[in-house]
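> The structure under discussion is supplied below as structure tokens; questions concerning it will follow.
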Amino acid sequence: MTAKYRLMVPGPTPMSPEVTAAAVRPLVDERTPEYSAVFTRILDNLRQVLLTENTVLLFTSSMTGAFEGAVQNLLSPGDHVLVATNGVYGERWVELCRAFGLRVTEVSAPWGQAVDMAEVGRALAEHSDITAAIAVHCETSTGVVNDIRAFARVAAGVLTIVDSASGLGACELRTDEWGLDVVVAGGQKALMTPPGVAFASVSGRAWQYHEKATLPRFYFDWTQTREAHERDVAHTPWTPAITLLNQLDAALVQLLDEGLERVLRRHVRLGRMTRAGVRAMGLEIFGSNDDRAASVTAVRVPAELDGEALIRRIFTEHGVQLVGGPGLLAGQVLRIGHCGYVDAFDVLSALAALELSLAATGYPVAVGEGVAAALRSFHEGQA
Ligand SMILES: *Cc1c(COP(=O)(O)O)cnc(C)c1O
């Protein structure tokens, strides 16, 4: 038998049997009450996962499409925005804002560290013309999770936009309690759905910004989207990815069945056990040993090893798919995704494969120590 395929990257993430089965439901006309019931349930369930009573808008696109839509629908050419960055995804927001002619002030932290939200507060005080602040919840390139509650507090005077792509459903995010205006995310991380659907929650204050925003928009127009969502037979302005929405529906039902708080606790434990395992192998975590980092763990590849070759070896020998560092971190880190439909035994498999492949390269690792430490961490978490 060839190695069993195990997808352990922070998106796309593995599908449960229920989500897989939802892909073969017969297509229905999306302008019917039958479909509308599914669609409305998705919106309601997304509100439960986002912990919000705000409007939720759904889009057929990867998440970057919904990010672009947020910029188009909230801002005008020449507007001054702040972007908090500490990795690849923060940088993406900077590029996106610049592409639309916005002025950007960046508050950055070194990759592998969280953004200092006090610094965000100081930058906002210094530039009184900034109208919106953007932060990434889980910076997937390094696994570092920013303190979004603190972000919301220091940026309360401006519009807050949060990219919770790999955070939502894995790391705590309280949209209304924390006062976040716009949260943008999508299906293919902790929400256990194939890539291609994205969404945004929009507060009352954000709708006021929308009224005044003059950037051109069409496909992602929030007014059109909201009107379609709020019709008696709720739908989308354009043809949605019906199959993916059926899968998102199944995934959300499954998530809420487990219970949001339990899902978040499971992720905290998976993060903890991953870090314990990696450290017991004598490897270093890229980022901090922090319970907030519940979605993905970045591991520093020992300097004498070729990170990409190691990841390839782990896959070809053991069928476990990990991923390297994007951007500047290529070759320097390997990342283990543990968000979504993932349990302790998946993490143990990934750690076992990592240990075996390290040993096969001649790296001095006592095979089994990492797995044992992870298993102990899991066991203690259960007590
Ligand atoms: C995965 C991820 C995205 C995904 O963007 P796509 O357009 O769906 O590829 C965006 N931001 C963060 C922080 C992510 O982790």
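The values are calculated or read from the model by the stated rules, or taken from the named source; none is laboratory data. These figures come from a predicted structure and were not determined experimentally. We place every Cβ from the backbone using ideal geometry, glycine too, and count neighbours over all the protein chains shown. Just the protein is used for accessible areas: all its heavy atoms, side chains included, with ligands, DNA and RNA removed. Shrake-Rupley method; radii C 1.70, N 1.55, O 1.52, S 1.80 Å.
> Which pairs do you get when a residue that is touching a residue at least 60 places away in the same chain (Cβ under 8 Å), found in the range 102-115, comes within reach of a residue that is aliphatic (A, V, I, L, M), reach meaning Cβ atoms under 7 angstrom, with the pair 6+ apart or on two chains?
What qualifies is W111/L328; W111/L329; G112/V144; Q113/V144; A114/V144.
> Give me the pairs: first residue in the range 172-188 and more than 27 Å from Y341 (Cβ to Cβ) and open to solvent by 30 Å² or more (accessible area, probe 1.4 Å), second residue part of a helix (DSSP H, G or I) and away from the ligand (no atom under 16 Å from the Cβ), beta-carbon distance under 6 Å, and six or more apart or on different chains, which are they?
G179/A152
> Considering only residues that are outside any loop (DSSP other than H, G, I, E, B) and either among the charged types (D, E, K, R) or open to solvent by 10 Å² or more (accessible area, probe 1.4 Å) (or both), which ones fall in the range 66-94?
Taking the range 66-94 and keeping what is outside any loop (DSSP other than H, G, I, E, B), we get 66-74, 80-85, 88-94.
Selection gives E68, Q72, H80, V88, Y89, E91, R92.
> Which condition breaks for Y5 when tested against (1) within 16 Å of the ligand (Cβ to nearest atom); (2) touching a residue at least 40 places away in the same chain (Cβ under 8 Å); (3) open to solvent by 10 Å² or more (accessible area, probe 1.4 Å)?
Condition (1) is where Y5 drops out.
> Kindly provide the set of residues from the range 219-228 that are within 25 Å of the chain's Cα centre (by Cα) and surrounded by fewer than 20 Cβ atoms within 10 Å (Cβ to Cβ), ordered by number. Can you show your working first?
Pass one, the range 219-228, residues within 25 Å of the chain's Cα centre (by Cα): 219-222, 225-226.
Answer for the range 219-228, where residues must be within 25 Å of the chain's Cα centre (by Cα) and surrounded by fewer than 20 Cβ atoms within 10 Å (Cβ to Cβ): Y219, D221, R226.
> Right, something else. Which of the residues belonging to the range 12-27 are in contact with a helix residue (DSSP H, G or I) (Cβ under 9 Å, 6 or more places away or on another chain) and either under 22 Å from A170 (Cα atoms) or open to solvent by 30 Å² or more (accessible area, probe 1.4 Å) (or both)? Give the derivation first.
The first filter runs over the range 12-27 and keeps only residues in contact with a helix residue (DSSP H, G or I) (Cβ under 9 Å, 6 or more places away or on another chain), leaving 14-16, 18-25, 27.
Those that are in contact with a helix residue (DSSP H, G or I) (Cβ under 9 Å, 6 or more places away or on another chain) and either under 22 Å from A170 (Cα atoms) or open to solvent by 30 Å² or more (accessible area, probe 1.4 Å) (or both): P14, M15, S16, E18, V19, T20, A21, A23, V24, R25, L27.
> Among E34, E30, which is assigned to a helix (DSSP H, G or I) and modelled with pLDDT under 95? Spell out how you get there, then give the answer.
Values: E30 fails: assigned to a helix (DSSP H, G or I).
After applying the criteria, what remains is E34.
> Going through the range 283-322 one residue at a time, which ones are surrounded by fewer than 19 Cβ atoms within 10 Å (Cβ to Cβ) and under 29 Å from D116 (Cα atoms)?
E284, S288, N289, D290, D291, R300, P302, A303
> Out of all the residues in the range 331-351, which are of a type in the set (A, V, I, L, M, F, W, C) and assigned to a loop (DSSP other than H, G, I, E, B)?
Within the range 331-351, the first condition is being of a type in the set (A, V, I, L, M, F, W, C), and the residues that meet it are 333-334, 336, 339, 342, 344-345, 347-348, 350-351.
C339, V342 - these are the residues of the range 331-351 that are of a type in the set (A, V, I, L, M, F, W, C) and assigned to a loop (DSSP other than H, G, I, E, B).
> Follow-up. Looking only at residues in the range 193-218 that are within 16 Å of the ligand (Cβ to nearest atom) and either of a type outside the set (S, T, N, Q) or closer than 17 Å to L102 by Cα (or both), which one is surrounded by the fewest Cβ atoms within 10 Å (Cβ to Cβ)? Let's see the steps before the verdict.
The first filter runs over the range 193-218 and keeps only residues within 16 Å of the ligand (Cβ to nearest atom), leaving 193-201.
Among the residues that remain, those that are also either of a type outside the set (S, T, N, Q) or closer than 17 Å to L102 by Cα (or both) are: 194-200.
On the way: P194: 19, P195: 17, G196: 22, V197: 26, A198: 25, F199: 23, A200: 29.
Among those that are within 16 Å of the ligand (Cβ to nearest atom) and either of a type outside the set (S, T, N, Q) or closer than 17 Å to L102 by Cα (or both), it is P195.
> Also, I was wondering about something else. Restricting the search to the range 141-162, which residues are open to solvent by 60 Å² or more (accessible area, probe 1.4 Å) and either within 17 Å of the chain's Cα centre (by Cα) or not small (G, A, S) (or both)?
R149, R153
> Residues A190, A165: which one is under 30 Å from G78 (Cα atoms) and either within 10 Å of the ligand (Cβ to nearest atom) or at pLDDT 95 or above (or both)?
Numbers: A190 fails: under 30 Å from G78 (Cα atoms).
Just one listed residue meets the conditions, A165.
To keep it simple, each residue is scored yes or no on (1) over 30 Å from H235 (Cα atoms); (2) outside any strand (DSSP E or B).
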{"position": "T105", "(1), (2)": "yes, no"}
{"position": "Q113", "(1), (2)": "yes, yes"}
{"position": "L173", "(1), (2)": "no, yes"}
{"position": "A185", "(1), (2)": "no, no"}
{"position": "T193", "(1), (2)": "no, yes"}
{"position": "A198", "(1), (2)": "no, no"}
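> Considering only residues that are open to solvent by less than 10 Å² (accessible area, probe 1.4 Å) and among the acidic types (D, E), which ones fall in the range 95-140?
E139
> Any residue in the range 225-239 that is closer than 27 Å to H338 by Cβ and either in contact with a Ser or Thr (Cβ under 7 Å, 6 or more places away or on another chain) or within 12 Å of the ligand (Cβ to nearest atom) (or both)? Let's see the steps before the verdict.
Just the residues of the range 225-239 that are closer than 27 Å to H338 by Cβ, to begin with: none.
No - not one qualifying residue is present in the range 225-239.
> Taking the range 8-34 only, how many residues are away from the ligand (no atom under 16 Å from the Cβ) and in contact with a Ser or Thr (Cβ under 6 Å, 6 or more places away or on another chain)?
1
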